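Engineer: Next up is a structure, given as structure tokens.
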Amino acid sequence: MLAQLNTEDMERFKRQLTLNGYTKEHQIKLKNSTALIAGVGGVGGTTALYLAIAGIGRLKLVHSGALTSSNLNRQILMTEDWIGKARVDCAKETIHRIASGVTVDIYNERMIAENTAGFVRDSDIAVSARPNFPERCALNAACIKHNVPMVEGAMFDMDAYLFSIKPGITPCFHCLFKDADHRWQELGFPVLGALSGTLGCMMAVEAIKVITGYGSPLYSKMLLFNLANMDFNTIAINRNPRCQVCGSPAKREGEEI
Amino acid sequence: MSNATITVKLFGTLRRKDESDQTLTISEHETIQQAIARLSIESHSSYLYSINGQHVKADAILYDGDTLMIIPPISGG
């Protein structure tokens, strides 16, 4: 049985309940949903914060490692006196200061094939924001296997892209990108906090749309933007029927590029 | 064979400093793979391509006036 909106909810969310087409039913779905946030860096940390203040019921934050000084140009959930502290602990504490009603479960781990299914299974949506290709692939595969929708977003320098995945219906991450770029440096990519935050906000909007049914998610579409030039483009994207992750078993052999 | 002029948008790790869109002159009916050879960028099996906003494969043919986007996988989060 779904938890209903109480008096405090109605007051707290009254301004978003007047959005064109957004109703109490949308807000109730949000309140009763769990979002898995893979990565609480400049992108995923922003997504987590905006889902929390929008009224999501539960967040599962997965990110390994401790806060460093060089994270602070993009971390909105963490303060300089927390350097050396586990990032998921910092994120949970800040989210609870801002939105105490949100349940926050934390995991100081990397996402690998062996543990990712466990994170995905009881989630209503996954947000993909880890800074490396293998963890993004592991999350995509688990979401496809367990039929959990996913918002994929990534950035480099002043460029970013995002799209949403409805398993078995729209292109998955592996349909589009089979292999990592061997030049990618997990700890070396250039990042401006205002750009990672912009992408994180957009991913929060996508997650809210996918969870609630409000608006039109980026299904079978990819939004690409460059904030140096303020150049925004949307392209149509296709499933690969021979995709080894989401294609039908009969067609998986001889995967096309 | 006559020439065709296309607009190329390089994305992410392929983008060069201070450079947005570029114009490229190719032979008419060249494929994306052939056009990439003119761009001095490293070819990669995992690039995503679009012509005029439509996802296409590397053997898609380019026509005069087309806009080609070349999108490598990126993972910043």
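The values are calculated or read from the model by the stated rules, or taken from the named source; none is laboratory data. Please read these numbers as outputs of a predicted model, since none were measured by experiment. Using ideal geometry, Cβ is built from the backbone for each residue, glycine included, and neighbour counts are taken over all protein chains shown.
Engineer: Small (Gly, Ala, Ser) and buried (at least 20 other Cβ atoms within 10 Å of the Cβ), is that true of A:Ala228?
Structural biologist: Details: small (Gly, Ala, Ser): yes; buried (at least 20 other Cβ atoms within 10 Å of the Cβ): no.
When the stated conditions are applied, A:Ala228 does not pass them.
Engineer: Still on this model: On the given criteria, is A:Ile112 closer than 23 Å to A:Ala194 by Cβ, in contact with a helix residue (DSSP H, G or I) (Cβ under 7 Å, 6 or more places away or on another chain) and either surrounded by fewer than 16 Cβ atoms within 10 Å (Cβ to Cβ) or touching a residue at least 60 places away in the same chain (Cβ under 8 Å) (or both)?
Structural biologist: Working: closer than 23 Å to A:Ala194 by Cβ: no; in contact with a helix residue (DSSP H, G or I) (Cβ under 7 Å, 6 or more places away or on another chain): yes; either surrounded by fewer than 16 Cβ atoms within 10 Å (Cβ to Cβ) or touching a residue at least 60 places away in the same chain (Cβ under 8 Å) (or both): yes.
Taking the combined requirement at face value, the residue does not satisfy it.
Engineer: Here's something else I'd like to know. Of the conditions (1) touching a strand residue (DSSP E or B) at 6+ places or on another chain (Cβ under 9 Å); (2) of a type in the set (S, T, N, Q); (3) in contact (Cβ under 8 Å) with a residue 12 or more places away in the chain; (4) within 11 Å of chain A (Cβ to nearest Cβ), B:Ser46 clears all except one; give me its number.
Structural biologist: For B:Ser46, the exception is condition (1).
Engineer: From the list A:Leu223, A:Leu187, A:Leu199, exactly one residue is in contact with a helix residue (DSSP H, G or I) (Cβ under 9 Å, 6 or more places away or on another chain), assigned to a strand (DSSP E or B) and within 12 Å of chain B (Cβ to nearest Cβ). Which is it?
Structural biologist: Numbers: A:Leu187 fails: assigned to a strand (DSSP E or B); A:Leu199 fails: assigned to a strand (DSSP E or B).
Exactly one of A:Leu223, A:Leu187, A:Leu199 is in contact with a helix residue (DSSP H, G or I) (Cβ under 9 Å, 6 or more places away or on another chain), assigned to a strand (DSSP E or B) and within 12 Å of chain B (Cβ to nearest Cβ), namely A:Leu223.
Engineer: Okay, moving on. When you go through A:Ile208, A:Ile235 one by one, which is the residue that is more than 21 Å from B:Ser50 (Cα to Cα) and either not in a loop (DSSP other than H, G, I, E, B) or not charged (D, E, K, R) (or both)?
Structural biologist: A:Ile208
Engineer: Is the stretch A:195-209 home to any residue that is within 21 Å of B:Leu48 (Cβ to Cβ), of a type in the set (D, E, K, R) and out of contact with any strand residue (DSSP E or B) (no Cβ under 9 Å at 6 or more places or on another chain)?
Structural biologist: Checking the stretch A:195-209: not a single residue is within 21 Å of B:Leu48 (Cβ to Cβ), of a type in the set (D, E, K, R) and out of contact with any strand residue (DSSP E or B) (no Cβ under 9 Å at 6 or more places or on another chain).
Engineer: Of these, A:Pro171, A:Pro167, which one is out of contact with any Pro (no Cβ under 8 Å at 6 or more places or on another chain), part of a loop (DSSP other than H, G, I, E, B) and crowded, with 17+ Cβ neighbours inside 10 Å?
Structural biologist: Details: A:Pro167 fails: out of contact with any Pro (no Cβ under 8 Å at 6 or more places or on another chain).
Testing whether each residue is out of contact with any Pro (no Cβ under 8 Å at 6 or more places or on another chain), part of a loop (DSSP other than H, G, I, E, B) and crowded, with 17+ Cβ neighbours inside 10 Å leaves just A:Pro171.
Engineer: Of all residues in the stretch A:158-172, which are in contact (Cβ under 8 Å) with a residue 60 or more places away in the chain, of a type outside the set (Gly, Ala, Ser) and within 22 Å of A:Phe225 (Cα to Cα)?
Structural biologist: We begin by selecting, within the stretch A:158-172, every residue in contact (Cβ under 8 Å) with a residue 60 or more places away in the chain; these are A:158-163, A:167-168, A:170-172.
Within this subset, residues satisfying the condition of being of a type outside the set (Gly, Ala, Ser) are A:158-159, A:161-163, A:167, A:170-172.
Matches in the stretch A:158-172: A:Met158, A:Asp159, A:Tyr161, A:Leu162, A:Phe163, A:Thr170, A:Pro171, A:Cys172.
Engineer: Being at pLDDT 95 or above, closer than 22 Å to A:Ala194 by Cβ and in contact with a His (Cβ under 7 Å, 6 or more places away or on another chain) is the requirement here; does A:Val40 meet it?
Structural biologist: Details: at pLDDT 95 or above: yes; closer than 22 Å to A:Ala194 by Cβ: yes; in contact with a His (Cβ under 7 Å, 6 or more places away or on another chain): yes.
Criteria met by A:Val40.
Engineer: Checking the condition modelled with pLDDT of 95 or more and over 27 Å from A:Leu139 (Cβ atoms), which residue from A:Arg110, A:Arg87, A:Arg97 passes?
Structural biologist: Details: A:Arg110 fails: over 27 Å from A:Leu139 (Cβ atoms); A:Arg87 fails: over 27 Å from A:Leu139 (Cβ atoms).
Matching residue, one of A:Arg110, A:Arg87, A:Arg97: A:Arg97.
Engineer: Going through the stretch A:1-38 one residue at a time, which ones are basic (Lys, Arg) and outside any helix (DSSP H, G or I)?
Structural biologist: Our first condition is that a residue be basic (Lys, Arg); within the stretch A:1-38, this holds for A:12, A:14-15, A:24, A:29, A:31.
Result: A:Lys14, A:Arg15.
Engineer: Could you identify the single residue in A:Val104, A:Val120 that is of a type in the set (A, V, I, L, M, F, W, C), at pLDDT 95 or above and under 20 Å from A:Ala86 (Cα atoms)?
Structural biologist: Working: A:Val120 fails: under 20 Å from A:Ala86 (Cα atoms).
Only one candidate qualifies: A:Val104.
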